[in-house]
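So the structure is just underneath, and the comments pick up after that.
Read-outs throughout are calculated quantities, based only on the coordinates presented, and are distinct from any laboratory measurement. What you see is a predicted model; the values in this text were computed from it and never measured. When we count neighbours, we look across all protein chains shown, and the Cβ atoms used for this are built from the backbone with ideal geometry, even at glycine.
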């Protein structure tokens, strides 16, 4: 039977830690019985459970987060917590809760865990912001190629209101993206966007819909052969130059198919 030794939370949870630990231990036990392997990560609706099994010390450690983008990184965080836990407590597998056995060490570990999680949270926030700006930069390059190279100056002037409508309608889906602007020359500018307020989960979908409608509009103004020439002249070199970022964010196939 599993006995909860230690828990630390940073948000309010409805479940009592003892009941939650029993549920978590049951999930791990079921995984072992069904697959003969320990479970590493489980996603349940809005949460992700990262598991670390220490058979030598008879410990099961779990890190519960929201639906983070990079599970591998959070598994590394749990490995570090496990190492620090073993370093801090002697005989950690005792069935007496650590807070009752040694309050002093528990307090020290609380402070250590809080410090680590605070640094990780700051790092995650910074990373998410960088990812948002990366994705905005990639899409903006293709927006501007479409508006500056595929549309001629004359057709851009003719369809400027349509282009403005495309941006206006779809960027409404995320208030943080409303600060993206389009000047009279058809240049898209996103430098006023606050990446910390952008919904990362819906960002690509919103930007992709905008690109799809811009490309559809631009292709209507060109003969097929003319558009294909422009694709290899302008889009293809940019795809090559941005290959790493397109692959990193899973944009390659979706974006290329839209442009072809």
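Residue by residue through the range 100-135, note down the ones that are surrounded by 12 or more Cβ atoms within 10 Å (Cβ to Cβ), farther than 20 Å from residue 258 by Cα, in contact (Cβ under 8 Å) with a residue 40 or more places away in the chain and within 16 Å of the chain's Cα centre (by Cα). Matches in the range 100-135: 120, 124, 125, 128, 129, 131, 132, 133. Is it fair to say residue 182 is free of Cβ contacts under 8 Å to residues at least 60 places away in the same chain, over 21 Å from residue 220 (Cβ atoms) and touching a helix residue (DSSP H, G or I) at 6+ places or on another chain (Cβ under 8 Å)? So residue 182 fails the test. For the range 166-182, the candidate set comprises residues that are more than 19 Å from residue 141 (Cα to Cα) and within 22 Å of the chain's Cα centre (by Cα); within that set, the residue that is surrounded by the most Cβ atoms within 10 Å (Cβ to Cβ) is 174. The condition of being closer than 24 Å to residue 130 by Cα, outside any loop (DSSP other than H, G, I, E, B) and out of contact with any helix residue (DSSP H, G or I) (no Cβ under 6 Å at 6 or more places or on another chain) does not hold for residue 210. For residue 192, the criteria (1) without any contact (Cβ under 8 Å) to a residue 40 or more places away in the chain; (2) surrounded by 13 or more Cβ atoms within 10 Å (Cβ to Cβ) hold in every case but one, which is (2).
Is there a residue being part of a helix (DSSP H, G or I) and closer than 30 Å to residue 226 by Cβ anywhere in the range 175-198? No, the range 175-198 contains no residue that is part of a helix (DSSP H, G or I) and closer than 30 Å to residue 226 by Cβ.
If you go through the range 213-226 and keep only what is buried (at least 16 other Cβ atoms within 10 Å of the Cβ) and under 26 Å from residue 173 (Cα atoms), you end up with 213, 214, 215, 217, 218, 219. Out of curiosity, is residue 156 more than 27 Å from the chain's Cα centre (by Cα) and surrounded by fewer than 17 Cβ atoms within 10 Å (Cβ to Cβ)? Criteria not met by residue 156. Under 21 Å from the mean Cα position of the chain (by Cα) and closer than 27 Å to residue 253 by Cβ: which single residue out of 163, 188, 138, 150 fits that description? Answer to the check: 138.
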